[in-house]
Amino acid sequence: HIGGQLAFSEDPFDWTSAIRTPVPGVGIMDIAYADGTYVAVGWGGIRFSRDGRSWQPAVVEGEVFLNRVARFGHRWFAVGKSGTLLRSEGDVDRWSRVRLATTDHFFGVAASPNELVAVAQMGARVRLDRNGNLTEGRLPIDYSSEVGEVTYGADRFLAWTETAGLFTSNDGVA
């Protein structure tokens, strides 16, 4: 993401603009890659590419303000403002909303081989397992903490908060 534009490179030094003019209303916040597809999410939409050079807009219901994207199983998931959780339907060109009770802003999403975990401000947490079971809960933090990000590696999830520090979980729940 360079000056509101998307750029690609085959090495860390020479960059080429993939979207030559800023896309109105779309500020890219995150880009991920899996199974031959790049997905970029941001304030106003989702774009996807097979080669990183040519980008297409995805169809999303309603207005979206997205922060992060991750691949889980055979679907992509994006999270954002006001409790937004989106999932790809079939290919990455169509997305639908997953209805949630929370309206907290999601700032992070990560996937292990067995579950997807999304974290939001004030400690809200959503977990989706391989069987499609969705649970909502809270991280064990005080409600003044902003959860900034979540990642998965070495068989555990790590979530960072502004005031309460780092939390770890093997299953995205406890």
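Compared with the direct C-alpha span, the chain from residue 156 to residue 15 gains 47.3 nm at full extension, assuming 0.36 nm per residue. Counting Lys and Arg as +1 and Asp and Glu as -1 over every other residue whose Cβ lies under 12 Å from the Cβ of residue 84, the net charge comes to +2. At an R0 of 30 angstrom, the distance between the Cβ atoms of residue 61 and residue 8 translates into a FRET efficiency of 0.55.
A compact globular protein would have a Cα radius of gyration near 2.2 N^0.38 Å; the ratio found for the stretch 71-121 is 1.10. The stretch 20-103 gives an Rg/Rh value of 0.94, both radii derived from C-alpha positions and Rh following Kirkwood. In this structure the amide hydrogen of residue 67, modeled in the peptide plane, comes within under 5 Å of the amide hydrogens of 79, 80, 81, none closer than 5 places in sequence on its chain. Here the spin labels are modelled as points 7 Å beyond Cα on the Cα-Cβ line, and at residue 89 and residue 53 they lie 3.2 nm apart. Can you tell me, using C-alpha contacts under 8 Å and at least 6 residues apart, the relative contact order of the chain as a whole percent? Once divided by the residue count of the chain, the mean separation gives 11 percent.
Charge tally around residue 151: other residues with Cβ under 13 Å, Lys/Arg +1 each, Asp/Glu -1 each, net -1. Sorted from greatest to least, the principal axis extents spanned by the alpha carbons of the stretch 129-171 come out as 34, 24, 13 Å.
Normalised by residue count, the chain yields a Cα convex hull volume of 128 Å³ per residue.
No value in this document is a laboratory result; all are computed from the given coordinates. Here the structure is a predicted model, which means the values were calculated and not measured. We place every Cβ from the backbone using ideal geometry, glycine too, and count neighbours over all the protein chains shown.
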